[in-house]
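Encoded as structure tokens, the structure appears first; notes follow it.
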Amino acid sequence: MTKRRIPIKLQRLVRQRALGYCEYCICPEFCATQKHSFDHIEPESQGGPTAAENLALTCQGCNNAKYNKTHATDPLTRRTVALFHPRLDDWDEHFAWSPDRQYLIGLTAVGRATIRELDLNRDGVIQLRRLLLLNREHPPPHRSSS
């Protein structure tokens with residue numbers, strides 16, 4: 001299957017909707033060494049469309065970890081569950097920040113499985129969150145719930 005090019009207008013919509021943050025690990029694009037990518041939430045290889053409702057802005061780490069996955073195992077229950085879907089799921093229902101705001105905590109099976117599968121608390125992300133905390137830029141206002 002040939003990957004379709006994402007039209008510039010659609011790229012702008014996705015980037016603006018995400019406010020410049022990875023929709024999984026919440027890392028800002030302005031701190032990234034590479035521009036964030038556009039993730040097909042339902043992969044193109046599985047019939048997912050190149051449409052606004054199926055695209056999420058992702059950092060390279062999350063995009064590479066997710067690849068074409070849509071499901072993962074919840075480390076607590078060992079059940080297979082759908083990964084977090086940024087267009088359909090409520091972030092605050094599935095995730096919270098640790099008291100020190102450095103780590104994401106999974107509140108549900110979906111949250112726990114997504115954190116584990118996409119490695120949302122990987123070392124580089126934690127270091128970035130620490131630096132952003134020192135600069136009072138983390139967590140971003142749209143993801144500041146505890």
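Each reported figure results from applying straightforward, stated rules to the coordinates on display, with no laboratory input. The shown structure was predicted, so the numbers you read here are calculated from the model rather than taken from an experiment. Cβ atoms come from the backbone with ideal geometry, glycine included; neighbour counts cover every protein chain shown.
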Task: Helix-only mean residue ellipticity at 222 nm for the chain, each DSSP H run of n ≥ 4 adding -39500 (n - 2.57), per residue, nearest 500 - done: -8000 deg cm²/dmol
Task: Highest-fluctuation residue, Asp119, Asp74, Asp100 considered, GNM on the chain with Cα pairs under 10 Å - done: Asp100
Task: If the convex hull is drawn through the Cα atoms of the range 8-138, its volume per residue in Å³ - done: 105 Å³
Open item on the list: Using the Karplus curve 6.51 cos²θ - 1.76 cosθ + 1.60 with θ = phi - 60°, what ³J(HN,Hα) values do you get for each residue of the range 106-118, in whole Hz, with x for Gly and Pro?
Closed with: x, 8, 9, 4, 4, x, 4, 5, 5, 4, 5, 5, 9
Task: Point-to-point label distance, Ile6-Ser45, nm (Cα→Cβ direction, 7 Å offset) - done: 1.8 nm
Open item on the list: If I build a Gaussian network model for the chain, linking alpha-carbon pairs within less than 10 angstrom, which residue out of Thr50, Thr77, Thr114 has the largest mean-square fluctuation?
Closed with: Thr77
Task: Sites Arg143 and Gln34, calculated FRET efficiency, Cβ-Cβ separation with R0 22 Å, nearest 0.05 - done: 0.55
TODO: Rank Pro86, Pro75, Pro99 by mean-square fluctuation in a GNM of the chain with C-alpha springs under 10 angstrom and give only the top-ranked residue.
DONE: Pro99
Open item on the list: Give me a comma-separated list of calculated 3J(HN,Hα) values for the range 80-94, in order, Karplus coefficients 6.51, -1.76, 1.60 applied at θ = phi - 60°, integers in Hz, x for any Gly or Pro.
Closed with: 7, 9, 5, 5, 3, 10, x, 8, 10, 9, 8, 3, 5, 6, 9
Task: Cut-off under 5 Å, modelled amide H: who pairs with Leu55 long-range - done: Ile41
